[in-house]
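Here the structure comes first, spelled out in structure tokens, and everything after it is commentary.
FYI, it's all coordinate maths here, none of it is from the lab. Since this is a predicted model, take the numbers as computed values, not measurements. Heads up, the Cβs are rebuilt from the backbone with ideal geometry, glycines too, and the neighbour counts pull from every protein chain shown.
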Amino acid sequence: MFSPFERMVAMRYLRARRREGFISVIVGFSLAGIALGVATLIIVMAVMNGFRAELLGRILGLNGHLGVYALPGEKLTDFDSLAESLRKLRDVKRVTPVVEGQVMATARGSASGALVRGLRPADLRMHPALGGAVRAGTLDGFGDGPDVLIGTRFAQRIGVRPGDPLTLISPQSRATAFGSVPRTKTFRVKALFEVGMYEYDNGFLFVPLDAAQSFFRTGDGAVTNLEVMLTDPDGIDAARQGIAKAASRPVRIVDWQQSNASFFNAIKVERNVMFLILTLIILVAAFNIISGMIMMVKDKGRDIAILRTMGASRGAVLRIFLLAGASIGVVGTFAGFILGLAFSLNIETIRGWLQKLTGTELFSAEIYFLSQLPAKVDPLEVVSVVAMALALSLLATLYPAWRAARLDPVEALRYE
């Protein structure tokens, strides 16, 4: 498409000479703008994808994909037979009976609200999010007594360690001869867990199922819900129909999309808005290419006139400046692609290094919910960002190249 002569002239125009230093500075800034725009867009999109994937994995890993509840005003009795029926479904991976309730936890003069979940010891040890998340203590013997498993951040906030007592106070009172008295029970901290999500590490407590049934007065034959884990989180519609048919009674089914709809919709909207805003960086860099190329055409007017008088066609002049402008976009896009990928794949290491250098916490778990900065590079998104940058760069060179090709040699030489 481009002849060796055209490539040689285009590359010569891009190299700096003392008299044309200002033009070269503009070209350099245009290239840097394209590179930074592409890199920033790749990094931000990778962080947003990683943030969503981490939250989705941790939320679904601890809560399950579907929750099966009794109808309002009823209890979910005979839950073992219902759970066994659900386990036979093709899309169901795991079914766990759960007793859930809000409590006030007190220890060492400190008090804090928490969510208590009652699980069978075997289900707790086999839980994918909790089984390998124990950071202190052990799950051996969990359930032999009034044991409780708490998060590391909750333990730090309330000041307890494995082996310490923890008193739980239920908002549901019990009637006595002296009036209504809140139900209380003292548990022993068996172990500390850390799943990496601040909300769970700071406010979730796990106790044996029978202890939770006794504490919340659900009865031995009832639980608050069945936690269902599917083989495919996105196959909730088919699974919902199968669960409704397998249940021998009317039940209420709540999936993860319903319970976390506002949260994930907010992430999706923020991700789309960030993409549009950061695209403007590349667009501004493309305008820099236009201004730089127009100034180059004006500066090279005499050279263009000489080329035309020596026999160069309008098409050859157009291709020379088209190649010069496109080279800025290609080199800048490639540099931004390398920088963005390198930063995204090592972002947690870079964050730790900057955190040590500045002495400040750059990614607070209390604000961002996660204890680490995640990044997940989507190849399709990277290709779209690179393609968009190349397209904008090419479009930015069309007008300056057309203007150079339309330059009248006589007029250009007359005013030199």
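For VAL99, VAL377, VAL251, VAL207, which order do you get if you count the other beta carbons within 10 Å of each Cβ and list the fewest first?
Exposure proxy ranking, most exposed first: VAL377, VAL251, VAL99, VAL207.
So, counting K/R as plus one and D/E as minus one, what does the shell of residues with Cβ under 11 Å around LEU373 add up to?
Residues close to LEU373 contribute a combined charge of -1.
Taking 0.36 nm per residue of sequence separation and subtracting the Cα-Cα distance, how much length would be gained by fully extending the chain between ARG249 and VAL383, in nm to one decimal?
43.2 nm
Quote the Stokes-Einstein diffusion coefficient, in whole µm² s⁻¹, for the chain, based on the Kirkwood radius over alpha carbon pairs, a temperature of 20 °C and a viscosity of 1.002 mPa s.
81
Just round it to a whole percent: the fraction of Cα-Cα distances in region 41-195 exceeding 22 Å.
Tail fraction, whole percent: 55.
In µm²/s, what is D for region 266-353 at 25 °C and 0.890 mPa s, where D = kT/(6 pi eta Rh) by Stokes-Einstein and Rh is the Kirkwood radius from Cα pairs?
Value of D from the Cα-based Kirkwood radius: 150 µm²/s.
Counting only helical runs of four or more DSSP H residues, what would the 222 nm mean residue ellipticity of the chain come to if each run contributes -39,500 (n - 2.57) and the total is spread over all its residues?
Calculated mean residue ellipticity at 222 nm is -18500 deg cm²/dmol.
With the cut-off at 32 Å, tell me which of the pairs LYS190/LYS356; LYS93/LYS376; LYS190/LYS268; LYS75/LYS185 have Cα atoms farther apart than that.
Distance filter (> 32 Å) returns LYS190/LYS356; LYS190/LYS268.
Starting from the Kirkwood radius over alpha-carbon pairs of region 135-257, derive D by Stokes-Einstein at 4 °C in a medium of 1.567 mPa s and give it in µm² s⁻¹.
75
Which order do peptides 234-241, 199-206 fall in by mean Cβ count within 10 Å, highest first?
199-206, 234-241
Can you work out the PRE-style zone for MET126? Point 7 Å along Cα to Cβ, and I want the residues of region 240-277 with backbone N under 19 Å.
It comes to no residues whatsoever.
What is the projected area of the convex hull of the Cα atoms of region 207-322, averaged over all directions, in nm²?
Values: hull surface 61.1 nm².
Dividing the Cα hull surface by four gives the mean projection, 15.3 nm².
Give the residues of region 56-75 whose amide nitrogen is closer than 16 Å to a point set 7 Å from the Cα of GLN258 in the direction of its Cβ.
Flagged as within label range: 64-74.
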